[in-house]
Amino acid sequence: GDIVLLAKPVTLTEGDRVTLTTDVPVATDGTSKPEKLLYAVSLPPVHGQIEHINYPGVPISSYSQLDVVAQKVSDIHDNSHGAGKEALR
């Protein structure tokens, strides 16, 4: 089926952490199993990384919709200069 992805920019300042919720990335593929959807980080944040909260400090390149619903994924700013709106792609 068709895949629909809605993503809002996440704005972080130096040292911020934002836990991803279903308000940021929301996807549906028309099936009855949205928890099986996987996101791939094709363009990582410029000033930080995406992490699973169980593995702080370790960047991840993919996560599931179930991880988002459980609020287990964070976008971490690395304290470098400049804040940015990071679009999850």
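One table, with the values for the structure above:
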| quantity | calculated |
| --- | --- |
| For region 34-77, alpha-carbon Rg relative to the globular expectation (2.2 N^0.38 Å, N residues) | 1.09 |
| Inter-probe distance in nm under a simple model that places probes 7 Å from Cα toward Cβ, at Ala40 and Ser64 | 1.8 nm |
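Read the figures in this text as sums done on the coordinates, not as results from a lab. Here the structure is a predicted model, which means the values were calculated and not measured. Note that each Cβ is placed from the backbone with ideal geometry, even for glycine, and that neighbours are counted across all protein chains shown.
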